[in-house]
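Quick notes on the structure that follows.
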Amino acid sequence: MEELLQLPRHSVIPMVLRRMRPPLITLIVAYSISVLGFVLIPGETASGEPHRMDFLHAFYFASYTATTIGFGEIPNAFTEAQRLWATFSLYVLVIAWFTAIGSIIGLIRDPVFQRVVTWNRFRRQVRKLAEPFHLVCGYGDTGAQLVQEVTALGARAVVIDQVEGHTYELGMEDLRSYVPAFCGDASLADNLLAAGLTHPRCASVLAVTDDDHANLQIAITAKLLNPRLPVIARAGSGEVQANMASFGTDHIVNAFDTFAGGFVMAIQSPYVHRLYEWMSPRPEIPLTSDRLPPPGRWIICAPGRLGKMLHRRLREMGTDMVLVAEELPPWMSADQPQVEGKGTEAETLRRAGIDLEETVGVIAGTDDDVDNLSIIITARQLRPELFMVARQSDRSNRYIFEAADLDMIMEPSGIIALRMMRQLTTPMLPQFLRGIRDYDDDYVGELLANWQARMGRDTPRVRALTLGWRDAPAVADALLTGHSVTVGDLLLDPANRRESLAAEVLMIEREGEQMFLPPPDTPLAPGDTLLLCSSAGALRPIAWTVNNMDAFRYVMTGEQRPDGWLWRWLARRRETAGSG
Amino acid sequence: MDSLTEGHERMNLEKVVFGFFILLALTLNFGFFLGDFDNPDHHNVYELYAALVVSLIATVLKFGERTQIGAVLLAASLVADLQLIAAALVWGIATQMTDVGLNSAVMASIVSLSGGALLANLASVTILIVETVGMHR
């Protein structure tokens, strides 16, 4: 791996020196002629005695003349011959200087030179990163959100993007830490290496360019050059997704699939959806009204990949639907309900059956934001009570979409960014949320009501805690010395052990096995990883319990023992005195 | 291949200029160095001046070479410059800023400094000759 860090470096100095050769020689020649002239031309002192300038004074005079500083300090007034020579050398020297300065400026403005300088600076900045950083390939809407979130969490980010304008936007962004960025093709191995693919501090590669093929190539390059590095990639289609998975891409996010899955879940098991919403600081699929998507007949105006995913998921569920598309998409058979048109006109929507009693909602999912809004507005004029979902492709349109008073906004870039962030911060939470779908929805509803009553309706803090020396030394010590500790013990209040904290252990991972919703009397084992969910206020007491021996002893036994060398010694004396 | 064969047939003006300045730096330096070691009459100030200017030009001509030999030539040339500038400074300080004047001790140090530069120039020329011979032209 080490030698891969030694990329060919483009040196700037030989480039500058080569360009500076002619102007420097011009300067030297101009100076030498001028100086020699002053030394050779006879002058005279104030009293009229013949006097010649020596080299030191001639060079001094030439220096201040050439740089146009022009002191008036001359030891003796010049003779006519000296004046003539001074006039001549003034022009020669000043022109020589301007040539030299001109070629330096020309070099600085040279695009090749600038490219080399930015490349070298980027590489130096990346090489010097001492904190863990995430390599973000592609700075579009998704990349921008990822960089924002990563830096807000205190980690560092490095960006490569092909479009120059995007990297400029990064410079205008107000981020918590400086983000080195380079404008270049992220699918080229050279650029990825320069961006720190094999850097020991590189924590992950996030391939989020607009181009599926480029993401695929980034994932392949990353997996081949640095197999230990987690790669999270964005995929737009099922084929690319399968291809990425085939060589071990750690996590693949398909915005359309994620949305379709979430949408179907919201219809099928509304409480699970509410749980999702409660636990995510920003849910991927934000419900902008308080309504959940109801079961019933749906009108889908989405001829592309979103339509395909929704169609498949809804059909699995047995939901009635009709697709509005200008032509029959290749993934759909002719006998399935389908209406020709765009959906922006009332006529098309009427033919799709918007007036039918069983129709419950409209999904405007074309890849044109204006069309989507137009569909929603038309549908609202026909039946305002329907559930309205619109896809927003361009992040800069978010204010318009928010103002449109929709029930649900599908924003692919946001879905991808939030999915990836959750994978990076609490990878156990998606596992838990996937597992909870298997539970009965009403049971989940009871759990949610119970948890919200204890932890409040605000988003709880979800953290992973490994019972080892690093994260929980007090617990690890007790477990390794043969004491039994249960889930319930950890959640006792270290200030008053008769009370439990507003917290819950959602899941335990032990040797690859997952235990969902462990009851309080579940015994813990060293090396377990717990997924904790707690109110904001309970986080600190838990940290206190698992880290501090005295707090932990109090929680376990109720005993408050003095600590410190002196007090321990006194306590021992008292014990022996008592027994003796 | 075209440019390579062309180089064989044609005299390269760049090489001529390059060789000219390196050799001229050596000969001027040698001319200044020649004579009684501490006798100011045997060492001409104009010759030192010319040697310094030519040496500076020779240095700039070597700028931007990426080859190993180019780097060694540049280093040798920089050494010569440094020695000659030191010699010129000693001369200027002795004659202008102090009232020591050009006595035999000052002259000896000026000439020995230029002797160092001579050695560096000699090294440059040797490298140049070795390189040229190595090309079998």
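Please give the Cα centre distance for the stretch A:103-145 versus the stretch A:428-456, rounded to the nearest Å.
Measuring centre to centre over Cα atoms gives 45 Å.
Through the Karplus equation 6.51 cos²θ - 1.76 cosθ + 1.60, θ set to phi - 60°, convert the phi angles of the stretch A:117-130 into ³J(HN,Hα) values in whole Hz; use x for Gly and Pro.
Residue by residue, the stretch A:117-130 yields 5, 5, 4, 5, 5, 4, 5, 5, 4, 5, 4, 7, 4, 10 Hz.
Which whole number gives the average count of other chain Cβ atoms within 10 Å of the Cβ atoms across peptide B:52-64?
Numbers: counts 3, 7, 2, 1, 7, 5, 1, 3, 10, 3, 2, 10, 9.
So the per-residue partner count for this stretch is 5.
Indicate the gyration tensor shape class of the stretch A:284-429 (rounded, prolate or oblate), computed on the Cα atoms with a ≥ b ≥ c the square roots of the eigenvalues: a/c under 1.5 is rounded; otherwise a/b larger than b/c is prolate and the rest oblate.
On the way: a/c = 1.66, a/b = 1.38, b/c = 1.21.
Prolate, since a/c reaches 1.5 and a/b exceeds b/c.
Run down the lysines and flag those whose C-alpha is under 24 Å from the C-alpha of A:Lys223, throwing out any fewer than 8 positions away in its chain.
List returned: A:Lys128.
Other chains near B:94-104: what is the mean number of their Cβ atoms within 10 Å of each residue's Cβ? Could the numbers behind the result be given before it?
Working: counts 0, 3, 4, 1, 0, 0, 0, 0, 0, 0, 0.
Mean partner-chain Cβ count within 10 Å for B:94-104: 1.
How many Å² of accessible surface get buried when B and A come together, counting both sides, probe radius 1.4 Å, rounded to the nearest 100?
What B and A bury together is about 1600 Å².
Sequence-distant or interchain residues sharing an amide H contact under 5 Å with A:Phe387, placed H: which?
A:Gly361, A:Val362
In terms of Cα to Cα distance under 26 Å, which lysines are near enough to A:Lys342, apart from those fewer than 8 places away along the same chain?
Partners found: A:Lys308.
In the neighborhood of A:Cys533, defined by Cβ-to-Cβ distances under 11 Å, what is the net charge if each Lys or Arg adds +1 and each Asp or Glu adds -1? Write out the running numbers ahead of the final one.
Details: positive: A:Arg454, A:Arg461, A:Arg463; negative: A:Glu504.
So the surrounding residues net to +2.
Show me, for the stretch A:296-305, the HN-Hα J-couplings you get by feeding each phi into the Karplus relation (A = 6.51, B = -1.76, C = 1.60, θ = phi - 60°), rounded to Hz, glycine and proline as x.
Each residue of the stretch A:296-305 in turn: x, 8, 10, 9, 10, 9, 8, x, x, 5 Hz.
The stretch A:352-436: which GluC sites (Glu not before Pro) are DSSP loop and have at most 10 other beta-carbon atoms within 10 angstrom?
Values: sites: A:Glu357, A:Glu358, A:Glu385, A:Glu402; in loops: A:Glu357, A:Glu358, A:Glu385.
Hits after loop and neighbour filter: A:Glu357, A:Glu358, A:Glu385.
Per-residue Cβ counts within 10 Å, from other chains only, averaged over B:82-91: what number is that?
Working: counts 0, 0, 0, 0, 0, 0, 3, 1, 0, 3.
Counting Cβ atoms of other protein chains within 10 Å of each residue's Cβ and averaging gives 1.
Chymotrypsin sites (Phe, Trp or Tyr not before Pro) within the stretch A:126-229: which are DSSP loop residues with at most 16 other Cβ atoms inside 10 Å?
Numbers: sites: A:Phe133, A:Tyr139, A:Tyr168, A:Tyr178, A:Phe182; in loops: A:Tyr139, A:Tyr178.
Loop-located and lightly packed - A:Tyr178.
Solvent-accessible area per residue for chain A at a 1.4 Å probe radius, Å²? Present the calculation step by step, with values, prior to reporting the outcome.
Values: 28620 Å² over 580 residues.
About 49 Å² of surface per residue is accessible.
I need the phi-derived Karplus couplings for the stretch A:360-369: 6.51 cos²θ - 1.76 cosθ + 1.60, θ = phi - 60°, integer Hz, Gly and Pro marked x.
So the J values, rounded to whole Hz, are 10, x, 10, 10, 9, x, 6, 8, 10, 4.
How would chain A be classified by its alpha-carbon gyration tensor: rounded, prolate or oblate, with rounded meaning a/c under 1.5 and the a/b versus b/c comparison settling the rest?
Working: a/c = 3.22, a/b = 1.56, b/c = 2.07.
Cα axes put chain A in the oblate bin.
What whole number of Å gives the distance from the Cα centroid of the stretch A:149-190 to the Cα centroid of the stretch A:477-500?
Rounded to whole Å, the Cα centres lie 45 Å apart.
Full-extension gain between B:Leu78 and B:Arg66, please, as 0.36 nm times their residue separation minus the C-alpha to C-alpha distance. Walk me through the intermediate numbers first.
Details: separation 12, 0.36 × 12 = 4.32 nm, distance 1.62 nm.
Once the chain is fully extended between B:Leu78 and B:Arg66, it gains 2.7 nm.
Share of the protein assembly as shown's accessible area from carbon and sulfur, percent, 1.4 Å? Don't jump to the answer; show the numbers that get you there.
On the way: 20960 of 36310 Å².
After summing per-atom areas, the C and S share lands at 58 percent.
Rounded, prolate or oblate: which one fits chain B, using the alpha carbon gyration tensor with axes a ≥ b ≥ c (rounded when a/c is under 1.5, else prolate when a/b beats b/c, else oblate)? Before the final figure, lay out each step's value.
On the way: a/c = 3.04, a/b = 2.69, b/c = 1.13.
Because a/c hits 1.5 or more and a/b exceeds b/c, chain B counts as prolate.
For B:Leu13, tell me the accessible area in Å² from a 1.4 Å probe, rounded to the nearest 10.
130 Å²
Within the protein assembly as shown, what percent of beta bridges assigned by DSSP are antiparallel, to the nearest 5? Could the numbers behind the result be given before it?
Working: 22 of 59 bridges.
Percentage antiparallel, nearest 5: 35.
Which angle between 0 and 90 degrees, to the nearest 10, do you get for helix A:441-455 versus the longest principal axis of chain A when only C-alpha atoms count?
Here the helix axis deviates by roughly 60 degrees.
Using 0.36 nm per residue, how much length does the chain from A:Arg115 to A:Ala46 gain when fully extended, once their Cα-Cα distance is taken away?
Values: separation 69, 0.36 × 69 = 24.84 nm, distance 5.85 nm.
Here the segment from A:Arg115 to A:Ala46 would lengthen by 19.0 nm.
Would you please give the FRET efficiency between A:Tyr439 and A:Ala543, computed as 1/(1 + (r/R0)^6) with r the Cβ-Cβ distance and R0 = 25 Å, to the nearest 0.05? The partial results should precede the final answer.
Numbers: r = 29 Å, r/R0 = 1.17.
With R0 = 25 Å, the Cβ-Cβ based efficiency is 0.30.
In the stretch A:218-287, which trypsin sites (Lys or Arg not before Pro) are in a loop and have at most 11 other Cβ atoms within 10 Å, using DSSP for the loop call?
Details: sites: A:Lys223, A:Arg228, A:Arg234, A:Arg274; in loops: A:Arg228.
Answer in residue order: A:Arg228.
The values are calculated or read from the model by the stated rules, or taken from the named source; none is laboratory data. These figures come from a predicted structure and were not determined experimentally. Here the Cβ is made from the backbone with ideal geometry for all residues, glycine too, and neighbour counts use every protein chain on show. Quick note on the areas: whole protein, heavy atoms, side chains included, nothing else; ligands and nucleic acids left out. Shrake-Rupley method; radii C 1.70, N 1.55, O 1.52, S 1.80 Å.
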